[in-house]
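J.: For reference, the structure I am asking about is given below.
Values in this text are rule-based calculations from the coordinates and carry no lab data. Here the structure is a predicted model, which is why all the values come from computation and not from measurement. Cβ placement follows ideal geometry from the backbone for every residue including glycine, while neighbour counts extend to all protein chains displayed.
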Amino acid sequence: MSACSGLAPEAGGIKIDGLSVELGGKSILSEVSFEIEPGSFLYVIGRNGAGKSTLCKCVAGVIRGYRGELFIGGRQASSLSARDRSRAVAYVPQSSPGDVPYIVSDFMEMSRYPWRGMASEADDRRAVSEAMELTDITFLAGRRLSSLSGGERQKVMIASAIAQETRTILMDEPTTYLDYAHQVETVDVMARVNRERGVTIMVVTHDVNLAMALSGKVVALAGGRVLWTGLPSGLLEPGRLEGIFGVPFRHYGSESGGGQILAPQRSRL
Amino acid sequence: MSPAGREFKIARFALIVAFAVALAAPWVGVRLILPSDVFGWGGRAADAAEASIFWQLRVPRVLLAWCAGATFGLCGMVFQALFRNPLAEPSLLGVSSGAALGAAAAIRFGLSVGAVGVFKALGAIAMPACAFAGALLAIAIISAFSRMARGAGDATLLLAGVAISSLFSSLIMVFQYTGGAAETYKLLSWTMGGISVVGMNEGLRAVPSFLITLAMSLHFSTELDLLTFGDEIAATRGVELEKMKRLLFAGMSLSVAMVVANCGPIAFLGLIAPHVSRRLLGARHRVLAPCSAAVGGTALVVCDTAARTLWAPADLPVGIIISFLGAPFFLWLLFGPRHR
């Protein structure tokens, strides 16, 4: 497995304490606190503009101006260099540039930049080929990124994050633009990476069914604050989703199996 | 053939062509100089006058042109990656017009003529020195703006460069308009870009810029690749964004300033060379860099050879040739048969 990362398993944990972010004079996040256990799944859900992506970017290191404490693997995030952080946390952005004239295998090779000078070439090759097999994109190796479909490109981005061999992967809306088949594949890949490699995964999404699909903890954001924290089953409590998303929800499917489907109630139908 | 093998072959071909052109160019001119004229052959002695033209004028000129062209090509490539904009090139960022303003000031206020003695030696370097100072001024202004407006975005910075360019150009026009006929002519021909050198010392002036830009582009090739994917990807793959951007911007701007100070603001080359190379090889900077240098260097040597031959004995400003040949070629590249 990912033996070359050389980090203790507990290095995957993330602790956020009183995190506040202002962008352009506007408060985006205020006093957000929660913890992600090493090796666990965490969903951050909320409406558009709730601050989910900003939170994700803070942890990833894309946004560096924040107040409060952020610990990655027990270390203060502000004390980490970009390279140190990129060996601890990988990030799958909400959208990736589609107009770049690179082929997939070139991009995958770049995913190993954090380990340059630390991992051998054989390690790099192994990490890349394992990640490509896991995400089932080996056949895309010679294709140009600009020629890929949205679903294929998303898989490449996920493969790149896996090849980075970090203890934590952050994903910003990984399934939002995908069709159902790609959604299922993406969820499977996330589950496998978590189960087989013990990678901590934080997913930002407004798709509650995605949060219901796997076991993990849920943090609901609203207006830049933590509104609720709990297990996915807690989302089924009456009025819970309405409080988070501002519309009433219904759930369909059998009470016995895991086949719950949640959908917003339409006002007129 | 694997894509990597194909890339390698194309890059090697480009380098061979570049080398061959650079070797051939000094012999070509108003008068064709033969190796027997320079080195002597079959008991015939070398022709002193021809040898002197060859070593004192042609070889330094080709060397300067090649290194300057390669520097423009490399700087264009780096700026395009830095700003994630295919239009980015040194002349768009105010660097070239800053240098032009400096040179214009030197010419207008007669710093480079009429001096005697010690000042004569100073006078010879006054124009490049002022051009360099002007480029530094442009860089300083752009950097100050980018520090002031942190996170304003690269497109904003590019637009600021265009604004500064425009401001400087207006000042240059004031100098041109108010100057005497001789000054105005000298200024005008300098702003069109021209390579004329006497002696090997002047020929070597673009070598440091070329070496700096080449070393930086090769050393930071993976960082440049990652920057092409935007700040989010680059930062989360471990690139120290601020530091890397500042370093590359400073290194490239200084190199371009040194070249512009000696050859004038040669536009278009920084745009064309990387685009041609990208068409040939794709975007990986490790192979793109040598190819951009080769294309830029070769293009400038070819155009400069044309500039000193076509209208002989007049020495056309090479910038005219570059734009005249470059523009249609670039359009063909954009809309030609190979485009999708």
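J.: Can you work out the FRET efficiency for the pair B:E240 and B:T309, with r the C-beta to C-beta distance and R0 = 41 Å, to the nearest 0.05?
T.: Efficiency at R0 = 41 Å is approximately 0.25.
J.: Starting with the fewest neighbours, write out B:I320, A:I137, B:I107 ranked by other beta-carbon atoms found within 10 Å of each beta-carbon.
T.: Taking fewest neighbouring Cβ atoms as first place, the list is B:I320, A:I137, B:I107.
J.: Still on this structure, please answer the following. Considering the alpha-carbon set of the stretch A:66-171 alone, what are its Rg and its Dmax in angstrom?
T.: 14.5, 44
J.: Evaluate the relative contact order of chain A (contact order divided by residue number), counting alpha-carbon pairs under 8 angstrom at least 6 apart; express in whole percent.
T.: Answer for chain A is 25 percent.
J.: Can I ask one more? May I ask you to order A:85-91, A:24-30 by the average number of other C-beta atoms within 10 Å around their residues, highest value first?
T.: Ranking the peptides A:85-91, A:24-30 by packing returns A:85-91, A:24-30.
J.: What GluC sites (Glu not before Pro) in the stretch A:192-261 are in a loop by DSSP, with at most 16 other Cβ atoms within 10 Å of the Cβ?
T.: Answer in residue order: A:E255.
J.: Can you pull the mean other chain C-beta count within 10 Å for peptide B:244-250?
T.: Mean shielding by partner chains, rounded to a whole number: 0.
J.: Testing the spin-label approximation: label points 7 Å from Cα along Cα→Cβ at A:E37 and B:V174. State their distance in nm.
T.: Using points 7 Å along Cα→Cβ, the separation is 7.1 nm.
J.: What is the magnitude of the charge dipole of the stretch A:35-143 about its Cα centre, with +1 placed on the Cβ of each Lys and Arg, -1 on the Cβ of each Asp and Glu, and no other charges, expressed in debye to the nearest 20?
T.: 520
J.: Starting from the coordinates of the alpha-carbon atoms of the protein assembly as shown, obtain the Kirkwood hydrodynamic radius over all distinct pairs and give the value in Å to one decimal.
T.: 27.3
J.: Among A:39-52, B:249-262, what's the highest-first ranking by average C-beta atoms within 10 angstrom per residue?
T.: B:249-262, A:39-52
J.: Separate question: In nm, what is the difference between 0.36 nm times the number of residues separating A:R47 and A:R116 and their Cα-Cα distance?
T.: Value of the extension gain: 21.0 nm.
J.: By count of other Cβ within 10 Å, fewest leading, how are B:C263, A:C58 ordered?
T.: Final ranking by Cβ density, sparse to dense: A:C58, B:C263.
J.: With respect to the cross-link table entries A:K26/A:K52; B:K9/B:K243; A:K52/A:K155; B:K186/B:K245, which display a Cα-Cα separation exceeding 25 Å?
T.: Pairs exceeding 25 Å: B:K9/B:K243; B:K186/B:K245.
J.: Same structure, new question: Please list, in order along the stretch A:231-242, the HN-Hα scalar couplings obtained from phi with the Karplus expression 6.51 cos²θ - 1.76 cosθ + 1.60 (θ = phi - 60°), rounded to whole Hz, x for Gly and Pro.
T.: 8, x, 4, x, 5, 7, 4, x, x, 4, 5, 4
J.: In addition: Given H placed 1.01 Å from N in the peptide plane, which residues other than close sequence neighbours of A:A119 have an amide H under 5 Å from its amide H?
T.: none
J.: Test of understanding: ordering B:K243, A:K155 by Cβ neighbours within 10 Å, fewest first, what list do you get?
T.: With the sparsest Cβ surroundings first, the list reads B:K243, A:K155.
J.: Given labels modelled 7 Å from the Cα in the Cβ direction, how far is it in nm from B:L325 to A:L236?
T.: Going from the B:L325 label point to the A:L236 one covers 7.5 nm.
J.: For the stretch B:88-267, calculate the relative contact order in percent as a whole number, restricting contacts to Cα pairs under 8 Å that are 6 or more residues apart.
T.: 35 percent.
J.: Dividing the convex hull volume of the alpha carbon atoms of the stretch B:88-267 by its residue count, what do you get in Å³ per residue?
T.: 118
J.: If you don't mind, there's one more thing I want to ask. Note down the relative contact order for chain B as a percent, whole number, built from C-alpha pairs under 8 angstrom at least six residues apart.
T.: Relative contact order comes out at 31 percent.
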